[in-house]
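Take a look at the structure set out below.
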Amino acid sequence: MTPCINLVSTRCKNGDHNSLLRWYNDHVHLLMGFPGLQQATLFRQTGTPPGTAPEYACAYEFASHADFLAFELSDARGRARQVVETGWARTGIEITQRTQYLRLGARAVGIGHAGDGASFVLQSLSLGPATASAAARWLSDSLYQALAALGDNHCAWYRAVDATASGGDALVMAQLQADSGMPALASAWWHGAAGPEVVDPPPEPVMAHWQAPYRRVQRWQR
């Protein structure tokens with residue numbers, strides 16, 4: 001099975017970030033009533049001021065896209081949705097993006113278990129025409145090349161579930177050893193993805209919807 005994440009991006013509408021974090025804790029515990037939801041990770045952007053990138057992003061992880069589809073129809077999802085519509089979130093939080101992605105690959109070098117507060121870069125990309133296998137190979141090869149110069153890091157890359165041979169979105173989530181590596185990864189690394197390590201041509205055009213540094217605020221696991 002191919003792991004799937006549901007990435008839900010939000011912003012705090014009233015500036016009450018403490019209430020937002022308490023709300024997320026309650027919200028995720030409601031969603032965890034569905035046994036196929038394996039874990040959830042909440043990130044908060046550290047850019048000042050926030051730009052086009054989400055202020056908060058929460059990645060909900062499932063073993064497969066089929067598990068996510070079952071989650072969408074579950075009682076746990078229904079209860080959580082009702083609380084969103086009637087409770088604090090109705091006026092305190094705004095959902096700005098909700099996209100499902102399939103994991104294509106991952107790389108881990110030298111970093112142990114990441115505690116809350118760890119440094120990350122999140123990137124949302126738009127890829128041009130390419131088959132699913134060609135897009136996966138290009139992302140894997142070019143990211144290996146880009147990450148090799150950054151030292152210790154963990155990185156995973158994803159393709160949107162609704163992507164086709166005509167194009168679609170991709171997502172990169174990288175944990176870095178220190179903030180100093182963020183500018184190098186957050187730059188347009190894909191423009192330099194060439195050479196013997198990168199077999200497939202880029203799925204042109206490759207563009208960034210958004211990219212920003214983040215801190216991991218909290219992770220919920222079973």
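The values are calculated or read from the model by the stated rules, or taken from the named source; none is laboratory data. Fair warning: this is a prediction, and the values are worked out from it, not measured in the lab. So basically every Cβ, Gly included, is an ideal-geometry build from the backbone, and we count neighbours across all protein chains shown. Heavy atoms of the whole protein, side chains included, go into the accessibility calculation; ligands, DNA and RNA do not. Shrake-Rupley method; radii C 1.70, N 1.55, O 1.52, S 1.80 Å.
What the table shows:
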| read-out | value |
| --- | --- |
| The listed residue being open to solvent by less than 40 Å² (accessible area, probe 1.4 Å) and of a type outside the set (Asp, Glu), out of 70, 76 | 76 |
| Yes/no for residue 25 being touching a strand residue (DSSP E or B) at 6+ places or on another chain (Cβ under 8 Å) and exposed (fewer than 14 other Cβ atoms within 10 Å of the Cβ) | yes |
| Enumeration of residues in segment 11-25 that are under 17 Å from residue 98 (Cα atoms) and among the hydroxyl-bearing types (Ser, Thr, Tyr) | 24 |
| Qualifying residues in segment 157-181 (those that are more than 28 Å from residue 68 (Cα to Cα) and crowded, with 17+ Cβ neighbours inside 10 Å) - the one modelled with the lowest pLDDT | 181 |
| Cβ-Cβ under 6 Å pairs, at least 6 apart or on other chains, segment 53-70 side in contact (Cβ under 8 Å) with a residue 40 or more places away in the chain and part of a helix (DSSP H, G or I), far side among the aromatic types (Phe, Trp, Tyr) and open to solvent by less than 20 Å² (accessible area, probe 1.4 Å) | 68/62 |
| Positions within segment 157-172 being out of contact with any Ser or Thr (no Cβ under 9 Å at 6 or more places or on another chain) and assigned to a strand (DSSP E or B), in sequence order | 158, 159, 164 |
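Here's the yes/no breakdown for (1) modelled with pLDDT of 75 or more; (2) touching a helix residue (DSSP H, G or I) at 6+ places or on another chain (Cβ under 7 Å); (3) outside any loop (DSSP other than H, G, I, E, B); (4) buried (at least 18 other Cβ atoms within 10 Å of the Cβ):
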| position | (1), (2), (3), (4) |
| --- | --- |
| 106 | yes, no, yes, no |
| 114 | no, no, no, no |
| 120 | yes, no, yes, yes |
| 126 | yes, no, yes, no |
| 136 | yes, no, yes, yes |
| 144 | yes, no, yes, no |
| 147 | yes, no, yes, yes |
| 155 | yes, yes, yes, yes |
| 183 | no, no, yes, no |
